[in-house]
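Okay, so here's the structure we're looking at.
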Amino acid sequence: MAEPMRPVAVCERHHEEALDKFCSDCSLEICCKCMEDHRDHNVDNLQNVQSSLAKELHQLLWDLQERISVIKAYVESIETELTEYNEATETVCTEVDEQVQQIYEAAKKLGDHFKSQLRRTEMEEETKLDQLQQKSHLNICRIQSSLAYTTERMKDKSVVTSHDTIKRLMTLKTEMDCDSSDALPRLNIGRFTSGCINIDMLYQLLGRLSNGVDDGVLEHAFDLKLIKLDFDKWLYSSEQQIKNTHWRIGLKQTLNKSTQIGLCYEGGADSTQILCKFTVEILTLGKRLLSFPDQNTFSRKQIYVLPEEIKSSTYASETLTIRVRMNRIDKFY
Ligand SMILES: [Zn+2]
Ligand SMILES: [Zn+2]
């Protein structure tokens, strides 16, 4: 795409000499007489310079045009990535919800089972009481009719009749004494003792959250109220996966009122032993209490108790966040 050359101008200093040269050192159009002043400079034919500049410019514009499409494609791929990421996150959230729903339904089913058991017992007890009530009503009727009959018979004032009547009434009275002195049956009233909700067990029921990246951060905010309930007992975070290895953080309140941190290796996909380098940060109320690097060799289901302990007096909040950044995981086979 050669552009038409513009007409050659005339040198201001040397009239009638055409400005047909270019000094690239001075970036100046010059004539052949000006050459004297540009002796050691890079001087070329103006037309050559013009056409090579045009070519260069053209190439640059082309390159930049190319660049635009590359950047556009890049932007598009970012958008695609972002969409996929959003969708993946939504999918995981839905899966978590579904699992929560399933746990709820299983618990609900058990609860319904408890309730139906309780109601069946209640119905049986009700039947028993109903029968007793009916029998008592019948007894009242029997006494009333006996009394009416007696009143009628007594009108003739015969001794024989009186004698017989008293005998019959005595028998009836003994029978009634027997019936009404029956103690009420002891009712089988159900009692419910609610179980303790075990967070650790709930984590296991809920499942595991893992990310796809290589180096990772384990983080858990521990509820210190729970820890203080159980001295000398480990409380664990949920399990997290980093580089195909599974981890949990443990926290324990010791009897001398300091808090111990444990890093628990739950095993990996393919190795028996691993060497892990990590940094541990302890945060409370957004402040960092401690940060230190450490390393250890782990085999399956092993808890490594970190040498640093935190005194309870150093934190005042309800939660303590432990963040373990895995810097390097080496596997031994
Ligand atoms: Zn000149
Ligand atoms: Zn020059």
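The selection criterion, being of a type outside the set (S, T, N, Q) and within 16 Å of ligand 2 (Cβ to nearest atom), holds for residue 21.
Is one or more of the residues making up the range 282-300 charged (D, E, K, R) and more than 28 Å from residue 229 (Cα to Cα)? Checked against the condition, which is being charged (D, E, K, R) and more than 28 Å from residue 229 (Cα to Cα), the range 282-300 yields at least one hit.
Condition check: over 60 Å from the mean Cα position of the chain (by Cα) and under 27 Å from residue 189 (Cβ atoms). Does residue 136 satisfy that?
Numbers: over 60 Å from the mean Cα position of the chain (by Cα): yes; under 27 Å from residue 189 (Cβ atoms): yes.
It is true that residue 136 is over 60 Å from the mean Cα position of the chain (by Cα) and under 27 Å from residue 189 (Cβ atoms).
For residue 28, indicate whether it is within 16 Å of ligand 1 (Cβ to nearest atom), modelled with pLDDT under 95 and touching a strand residue (DSSP E or B) at 6+ places or on another chain (Cβ under 6 Å). Taking the combined requirement at face value, the residue does not satisfy it.
Note on the range 280-312: residues that are hydroxyl-bearing (Ser, Thr, Tyr) and without any contact (Cβ under 8 Å) to a residue 24 or more places away in the chain total 1. Name the single residue that is nearest to ligand 1 (Cβ to nearest atom) among those in the range 32-55 being in a loop (DSSP other than H, G, I, E, B) and out of contact with any strand residue (DSSP E or B) (no Cβ under 6 Å at 6 or more places or on another chain). This residue is 33. Candidates 43, 75, 8: the one that is without any contact (Cβ under 8 Å) to a residue 24 or more places away in the chain, aliphatic (A, V, I, L, M), at negative phi and away from ligand 2 (no atom under 13 Å from the Cβ) is 75. When the range 275-309 is limited to residues that are of a type in the set (S, T, N, Q) and out of contact with any Ser or Thr (no Cβ under 7 Å at 6 or more places or on another chain), the one that is farthest from residue 257 (Cα to Cα) turns out to be 297.
Would you check if residue 311 is within 18 Å of residue 237 (Cα to Cα) and exposed (fewer than 14 other Cβ atoms within 10 Å of the Cβ)? Against the criterion (within 18 Å of residue 237 (Cα to Cα) and exposed (fewer than 14 other Cβ atoms within 10 Å of the Cβ)), residue 311 does not qualify. When the strands (runs of 3 or more DSSP E) confined to the range 226-333 are screened for residues that are among the basic types (Lys, Arg), those reaching at least 3 such residues are found at 319-332.
Of the candidates 73, 18, 88, 107, the single residue that is more than 28 Å from residue 206 (Cβ to Cβ), surrounded by 11 or more Cβ atoms within 10 Å (Cβ to Cβ) and aliphatic (A, V, I, L, M) is 18.
Of all residues in the range 145-153, one or more are at pLDDT below 95, small (Gly, Ala, Ser), more than 23 Å from residue 187 (Cβ to Cβ) and surrounded by 12 or more Cβ atoms within 10 Å (Cβ to Cβ).
For residue 67, are the conditions met, namely being of a type in the set (Lys, Arg), out of contact with any Asp or Glu (no Cβ under 8 Å at 6 or more places or on another chain) and within 16 Å of ligand 1 (Cβ to nearest atom)? Against the criterion (of a type in the set (Lys, Arg), out of contact with any Asp or Glu (no Cβ under 8 Å at 6 or more places or on another chain) and within 16 Å of ligand 1 (Cβ to nearest atom)), residue 67 does not qualify. When the range 243-273 is filtered for residues that are of a type outside the set (S, T, N, Q), under 15 Å from residue 331 (Cα atoms) and modelled with pLDDT under 85, the ones remaining, listed by number, are 243, 267, 268, 269, 270.
Inspection of the range 90-104 finds no residue satisfying the criterion of being over 26 Å from the mean Cα position of the chain (by Cα) and either in a helix (DSSP H, G or I) or basic (Lys, Arg) (or both).
The values are calculated or read from the model by the stated rules, or taken from the named source; none is laboratory data. Remember, predicted model here, so these are calculated numbers, not experimental data. Every residue, glycine as well, gets a Cβ built from its backbone with ideal geometry; the counts of neighbours run over all protein chains shown.
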